[in-house]
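Asker: Have a look at the structure that comes next, please.
What follows is calculated from the coordinates using simple rules that are stated; it is not laboratory data. A quick note: this is a predicted structure, and the numbers were derived from the prediction, not measured. As a convention, Cβ positions derive from the backbone with ideal geometry for all residues, glycine included, and neighbour counts pool all protein chains shown.
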Amino acid sequence: MQRMEIPAMRGGDLTRLVGFPPFAERFAEDKPATVIVTDEQGYRNEPPTDGVIYPVVVAGDSFFHVQYGADGSFPKQLAAALDVPVYNHAYPGRGMFWGMIRFLSDPRFADRRPKVVVWGCLERDISGQAFAGFVHQVWQLEQPEKAAQERLARGQVGVAWSRLAPSALRASLPDSSWLGAQTTRLWNRVRFAVFGQVTEDVVVSLPDAAGRQDLFYRIALEAMAWPREVREPEKVGWGAAYIRRYVQSLGMELVVVLIPDKESVYRELIPSGPGRDPERWPPSTLVDVEQALRDEGVPVVNLLPAFRDLAGRGASLYWRDDTHWRPEAMAVAAELTAPVVRASMATR
């Protein structure tokens, strides 16, 4: 139940990661002032929401959570495209599985299920192993007594206090102290001044046709190089089908939205470098994953083809200084998702 006024700002998550203003300013873009309103549970919805029936709920990570300006969020764009209320149950910073399990575990919707759950799956987080692990989490919701017995048999009940000791935490957690952050920023400045390089987590793209350059995220680039054997699209399809059956057992339908990383949309602009040979990388996994989901009968929207087409015509769909998409990309995503959601609503 908060109202937060976020002023207009310049820069994004990638320029903040660099932490060196002279370099970051080459890529920094202006973000509009944004008023964020949160509901009774802290999600980005206009209160009151308790007792309100929402035909559609979106679950996912920061791509569904983020907002720029008054209407610059995917849930708001989807609500406008469908002309029905959409509840934003996205949760930032913990990945696509965390946002979904939080919704499935949320008791508030037990007596007012939506007709459709729209689940955003980000390209770099998709793998068969990850989906298999999430299936186990859903199984624990589905079979709570058996899950409790399994945890007991494995000795997973209790707190490992020794792992919470200060010495253990210092060894296992990143140095997030003020001194650690300042040391990192200082090293970034030295690295740029002496070697002309920024942090390895950020990669400068090749110029596009208009001479524009973007910042890419190393984690997403590394995920693009994963072969099919690592991605295991068939296992992803199996996992999504299992999750859909559970969602259906609760009286809802599942629609999966495959969200491409910026690096995949602007693939031709990825520079080669040490340990990085884009020409030898496999095609985007979203192609195989889409087919695997369709083979399993899971309603799916793959945004990659439309985004690639628009990018090829010079469209700017992601912020230059950030990993996230612009409101223009959200509008395209909502336009492509709305017909699939509308058709799924008709079956409930």
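Asker: In percent, how large is the relative contact order of the stretch 204-309, given Cα pairs closer than 8 Å and 6 or more residues apart?
Answerer: 37 percent
Asker: Any idea what the relative contact order of the stretch 1-98 is, in percent, if you count C-alpha pairs under 8 Å spaced at least 6 apart? Intermediate results must be reported in sequence, preceding the final value.
Answerer: Numbers: 171 pairs, mean separation 25.0, N = 98.
Computed over the stretch 1-98, the figure is 26 percent.
Asker: What shape does the stretch 203-320 take by its C-alpha gyration tensor, where a ≥ b ≥ c are the square roots of the eigenvalues and a/c under 1.5 counts as rounded, a/b above b/c as prolate, and the rest as oblate?
Answerer: Prolate, because a/c is 1.5 or more and a/b exceeds b/c.
Asker: Check the chain and count each lysine pair with an alpha-carbon distance under 27 angstrom, considering only pairs eight or more places apart or from different chains. Show your work: numbers first, answer last.
Answerer: Working: LYS31/LYS76; LYS31/LYS262; LYS76/LYS115; LYS76/LYS262; LYS115/LYS235; LYS146/LYS235; LYS235/LYS262.
So the count works out to 7.
Asker: Moving on. How much mean residue ellipticity at 222 nm does the chain get from its helices, if each DSSP H run of length 4 or more adds -39500 (n - 2.57) and you divide by all residues, to the nearest 500 deg cm²/dmol?
Answerer: Value at 222 nm, helices only: -12500 deg cm²/dmol.
Asker: Then there is this: At a 10 Å Cβ-Cβ cut-off, how would you order LEU310, LEU17, fewest neighbours first?
Answerer: LEU310, LEU17
Asker: For the chain, just say rounded, prolate or oblate: build the C-alpha gyration tensor, square-root its eigenvalues into a ≥ b ≥ c, call rounded for a/c under 1.5, and beyond that prolate if a/b exceeds b/c, oblate if not.
Answerer: Because its axes are fairly even, with a/c under 1.5, the chain counts as rounded.
Asker: For the chain, which span is the longest to avoid every loop-located (per DSSP) member of GluC sites (Glu not before Pro) having at most 14 other Cβ atoms inside 10 Å?
Answerer: Segment 41-199 is the longest.
Asker: Also, quick follow-up: Tell me the relative contact order for the chain as a rounded percent, counting alpha carbon contacts under 8 Å between residues six or more apart.
Answerer: 22 percent
Asker: Using 1/(1 + (r/R0)^6) with R0 = 45 angstrom and r between the beta carbons of GLU200 and GLU40, what's the FRET efficiency to the nearest 0.05?
Answerer: Working: r = 42 Å, r/R0 = 0.94.
After rounding to 0.05, the efficiency reads 0.60.
Asker: For the stretch 12-104, which trypsin sites (Lys or Arg not before Pro) pass both filters: DSSP loop (anything but H, G, I, E, B) and at most 13 other C-beta atoms within 10 Å?
Answerer: ARG26, ARG94
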